[in-house]
1. Looking at A128, A194, A155, which one is part of a loop (DSSP other than H, G, I, E, B) and among the hydrophobic types (A, V, I, L, M, F, W, C)?
2. Applying the selection to segment 172-187, what residues are touching a strand residue (DSSP E or B) at 6+ places or on another chain (Cβ under 7 Å), assigned to a strand (DSSP E or B) and more than 13 Å from A128 (Cβ to Cβ)?
3. Condition (residue is modelled with pLDDT of 95 or more and under 22 Å from F17 (Cα atoms)) applied to segment 151-166: is it met by at least one residue?
4. Just one of (1) under 28 Å from F27 (Cβ atoms); (2) touching a residue at least 40 places away in the same chain (Cβ under 8 Å); (3) out of contact with any Phe, Trp or Tyr (no Cβ under 8 Å at 6 or more places or on another chain) trips up P70, so point out which.
5. Of the residues A82, A43, A26, A48, which is small (G, A, S) and touching a Leu at 6+ places or on another chain (Cβ under 8 Å)?
6. Output the residues belonging to segment 131-149 that are in contact with a helix residue (DSSP H, G or I) (Cβ under 9 Å, 6 or more places away or on another chain) and in a loop (DSSP other than H, G, I, E, B).
7. What number of residues within segment 149-182 are charged (D, E, K, R), touching a Phe, Trp or Tyr at 6+ places or on another chain (Cβ under 8 Å) and either touching a residue at least 40 places away in the same chain (Cβ under 8 Å) or surrounded by 13 or more Cβ atoms within 10 Å (Cβ to Cβ) (or both)?
Amino acid sequence: MTDPVNHTILLLDIEQFGRRDDVEQAFMRRMLYSVLHETLRSAGVEPADQRLEDRGDSVMALISPTVPKPRLLHALVNETPALLHANNRLAAAEARVRLRIVLASGEVAVQELGGALGGAVGWDLNQAFRLLDSAALREALRHRNGPCVLGVSDALYQGIVRHGHGGLLPEAFHRVTVQGKEGDFTAWLHGEPAPAPSPPPSAAPAAAAAPTPGPAPAPPAAQAPDPAESRAPATFQFLGGSPTFGGNLIGGDQHIVSGGEVHGDVNTGNTVGGER
């Protein structure tokens with residue numbers, strides 16, 4: 001393994017590559033490399049200043065630090081989208097290419113292994129791949145009408161973009177937080193931010209409080225008893241003998257009758273149906 005050397009790191013990845021069949025994938029890979037070569041050429045990158053590694057649905061380019069980074073950024077912001085648009089116009093919908101792109105810089109050690117094609121290691125390289133595969137970059141491309149989205153490392157933004165080198169517009173980039181395996185880190189994406197996720201539906205309004213019950217209705221006032229009903233029943237007490245009644249007996253107040261036989265009507269005090 002060679003000693004780490006500062007490189008500019010350029011990564012390109014095809015969106016939804018695995019959903020295509022073999023013929024479509026082969027066509028898309030050719031388009032990927034065509035766009036990459038044209039982008040590097042427009043930035044003035046010579047073949048001797050670049051090292052390419054194929055990753056199937058993506059490609060990694062390690063570029064010499066002698067190549068001015070503002071040129072690369074200018075080409076990626078302006079030339080790459082135009083190249084993709086021109087190529088996609090001639091392609092079937094199933095074979096059109098949309099790219100996630102990352103530009104970063106850092107220390108990278110090249111490792112040549114026998115029987116293997118290329119190899120490179122470095123913490124900065126790992127972070128660049130974390131950004132390439134991040135949800136922030138994927139969501140940004142998913143909500144774009146254009147054919148690509150560009151993300152840059154915080155170091156590259158602070159050193160190049162923030163100062164407007166190469167005619168770059170700092171306000172055209174927005175900050176994102178990327179969740180990496182080694183911890184969160186800051187990156188910057190070119191273009192409008194993806195729309196914020198829709199808020200979860202609000203909780204159903206609390207059920208209306210049951211009305212406070214009013215005072216219980218007063219029980220109906222007791223009705224005065226009918227005078228006739230309130231009177232004690234008539235009571236007769238006979239002191240000896242076996243009285244018999246001939247005629248009508250009308251009960252009323254208590255009376256005591258002595259004797260045995262009573263003839264005629266007996267009225268005991270109350271008037272019924274007439275005068276007493």
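The values are calculated or read from the model by the stated rules, or taken from the named source; none is laboratory data. Treat the numbers as computed from the prediction; the structure is a model and nothing was measured. Glycine gets a Cβ as well: all are built from the backbone with ideal geometry, and neighbour counts include every protein chain shown.
1. It is A194.
2. Going residue by residue through segment 172-187, those that are touching a strand residue (DSSP E or B) at 6+ places or on another chain (Cβ under 7 Å) are 172-178, 184-187.
Imposing the further condition that a residue be assigned to a strand (DSSP E or B) reduces the set to 173-178, 184-187.
Correct list: F173, H174, R175, V176, T177, D184, T186.
3. Within segment 151-166, one or more residues are modelled with pLDDT of 95 or more and under 22 Å from F17 (Cα atoms).
4. (1)
5. Matching residue, one of A82, A43, A26, A48: A43.
6. Just the residues of segment 131-149 that are in contact with a helix residue (DSSP H, G or I) (Cβ under 9 Å, 6 or more places away or on another chain), to begin with: 131, 137, 146-149.
Residues satisfying the conditions are G146, P147.
7. Start the filter on segment 149-182 by keeping residues that are charged (D, E, K, R), which leaves 154, 162, 171, 175, 181-182.
Subset that is touching a Phe, Trp or Tyr at 6+ places or on another chain (Cβ under 8 Å): 154, 175.
Okay, now just the ones that are also either touching a residue at least 40 places away in the same chain (Cβ under 8 Å) or surrounded by 13 or more Cβ atoms within 10 Å (Cβ to Cβ) (or both), so 154.
Counting residues in segment 149-182 that are charged (D, E, K, R), touching a Phe, Trp or Tyr at 6+ places or on another chain (Cβ under 8 Å) and either touching a residue at least 40 places away in the same chain (Cβ under 8 Å) or surrounded by 13 or more Cβ atoms within 10 Å (Cβ to Cβ) (or both) gives 1.
Here is a yes/no grid of residues against (1) within 18 Å of N6 (Cβ to Cβ); (2) among the aliphatic types (A, V, I, L, M):
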residue: D49; (1), (2): yes, no
residue: L62; (1), (2): yes, yes
residue: P68; (1), (2): yes, no
residue: A86; (1), (2): no, yes
residue: R100; (1), (2): no, no
